[in-house]
Amino acid sequence: MIFDNLTNKTLLLASQSPRRKQLLEEAGFTFIIVNTKFIEETIPKGIINADAAVFLAELKANAYISDLKANEILITADTIVCSEDTILGKPNNYDDAFKMLKSLSGKTHSVITGVNIRSVNQSISFSDKTFVKFKKMTNQEIEYYIINYKPYDKAGAYGIQEWIGLNFIEKIEGSYFNVMGLPVHLIYEHLKHF
């Protein structure tokens with residue numbers, strides 16, 4: 001482990017996201033990937049933006065809490081994309097993905113990742129927000145991306161590290177890695193004092 005305070009602890013990542021796994025590994029953490037019980041990722045009315053991302057991260061943690069052992073620290077996260085006042089989750093199908101990307105074309109949107117870090121005695125939640133500006137995309141470009149990259153497992157129907165990010169993201173304000181799905185710099189700071 002990187003930190004002395006985690007020497008006798010096992011770090012768990014409750015995520016099937018290959019991007020979150022990669023980011024945590026590259027940040028130098030040793031951890032085990034665990035599955036949580038299936039949960040319906042539904043955001044209650046009245047919860048918006050950062051609160052919604054944190055709510056979903058805590059929901060995932062709550063689904064695992066009964067399996068958490070005394071020497072374990074669990075990390076859960078959820079990323080949402082906000083276009084104006086609309087939260088864009090993962091697209092259900094091609095039409096959904098197309099509609100999402102069309103709504104992001106030529107505009108600035110925010111990407112918010114909520115994180116929960118939990119042990120049997122302690123729980124902290126936080127979020128990070130990044131602003132992303134897309135250039136205008138034609139229908140053919142959107143179609144090409146969806147057909148070739150199948151972004152159905154990604155909030156807002158895109159991956160910043162893929163073709164669409166390389167060619168159409170004009171400006172980013174905030175953490176690039178947050179847009180990938182994990183604000184590693186904040187996790188690092190929180191785990192230092194956990």
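No lab work stands behind these numbers, since they all come straight from the coordinates. The shown structure was predicted, so the numbers you read here are calculated from the model rather than taken from an experiment. For neighbour counting, all protein chains shown are included, and Cβ atoms are generated from backbone atoms with ideal geometry for every residue, glycine included.
Observations on the structure shown:
- Residues in region 166-177 carry Karplus couplings, in order, of 5, 9, 10, 7, 8, 7, 10, 10, x, 7, 4, 5 Hz; the curve used is 6.51 cos²θ - 1.76 cosθ + 1.60 with θ = phi - 60°, and Gly or Pro positions show x.
- Within the chain, antiparallel bridges make up roughly 80 percent of the DSSP beta bridges whose residues both belong there.
- Its Cα gyration tensor gives the chain an equivalent ellipsoid. The semi-axes, each the square root of 5 times an eigenvalue, are 31, 17, 15 Å from largest down.
- Sites Thr42 and Gln122 - FRET efficiency at Förster radius 35 Å, r taken between beta-carbons, to 0.05: 0.85
- Net charge dipole, region 4-192: roughly 100 debye, given to the nearest 20, about the Cα centre with Cβ charges of +1 for Lys and Arg and -1 for Asp and Glu.
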